[in-house]
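The values are calculated or read from the model by the stated rules, or taken from the named source; none is laboratory data. In this text the structure is predicted, and so the values were computed from the model without any measurement. With ideal geometry, Cβ positions are generated from the backbone for all residues, glycine too; neighbour counts draw on all protein chains shown. Accessible surface is based on the protein model in full, side chains and every heavy atom, while ligands, DNA and RNA are left aside. Shrake-Rupley method; radii C 1.70, N 1.55, O 1.52, S 1.80 Å.
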Amino acid sequence: FIGPNKVPCAVTHDGRTLRYPDPDVKVNDTVKVSIETGKMSDILSFDLGAMLMITKGHNCGRVGTLMHIEKHEGSFAIVTVKDSKGNTFATRLGNVFIIGSGQKPSVTLPKGRGIKKTILEERAEA
């Protein structure tokens, strides 16, 4: 959006306002922000094939690749995600967060690497 004195601004999901953002930043892109300077250091674009993590809902914590986006007018957009085991699932667009491009994450993944296990697989590990 355009702020006071016609300064272009971008707002992050946690409420930060970035002044003079890179013009390549679009809606749903992920921006890496340097903590020391408060400036953008990297842009992860919301494109097909991007690596993402689910942040809300039943599939929370799962990691996969963006396969398809369904836009529904007047309702929620649905994204289809495929994880590294080949399982495909769908969730709302607002539940996803881009964490890398291709198969390379830009953040450290948790112990299970975002793979959902069945009850039998979890029991066999314990």
**OP:** Find how much the distance from Lys26 to Phe76 grows on full extension, using 0.36 nm per residue of separation minus their present alpha carbon separation; answer in nm with one decimal.
**Re:** 16.1 nm
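Ignoring ligands, DNA and RNA, what percent of the accessible area of the chain is carbon or sulfur (1.4 Å)?
Values: 4790 of 8790 Å².
Carbon plus sulfur share of accessible area: 54 percent.
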**OP:** Take Thr55, project a point 7 Å from its Cα along the Cβ direction, then tell me which residues of segment 84-109 have their backbone nitrogen under 14 Å from it.
**Re:** 92-100
Subject >> Average accessible surface area per residue within the chain, 1.4 Å rolling probe, Å² >> reply: 70
Original post:
Where the only charges are on Cβ atoms (+1 Lys, Arg; -1 Asp, Glu), what is the dipole of segment 17-126 about its Cα centre, to the nearest 20 debye?
Top reply: 300
Subject >> Unsatisfied cross-links (Cα-Cα over 31 Å) in the set Lys26/Lys82; Lys32/Lys85; Lys56/Lys104; Lys32/Lys111; Lys6/Lys104 >> reply: Lys6/Lys104
Subject >> Inter-probe distance in nm under a simple model that places probes 7 Å from Cα toward Cβ, at Val33 and Leu93 >> reply: 2.3
**OP:** Let me have the 222 nm mean residue ellipticity of the chain computed from DSSP H runs of 4+ only, each contributing -39500 (n - 2.57), with the sum over all residues rounded to the nearest 500.
**Re:** -1500 deg cm²/dmol
Subject >> Where the Cα pairs of the chain fall when distances are cut into 5 Å bins, in % >> reply: 2, 10, 18, 19, 17, 14, 10, 5, 3, 1, 1, 0, 0
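Using only the Cα atoms of segment 54-93, build the gyration tensor, take square roots of its eigenvalues as a ≥ b ≥ c, and label the shape rounded, prolate or oblate: rounded if a/c is under 1.5, else prolate if a/b is larger than b/c, else oblate.
On the way: a/c = 3.07, a/b = 1.58, b/c = 1.95.
It comes out oblate by the Cα gyration axes.
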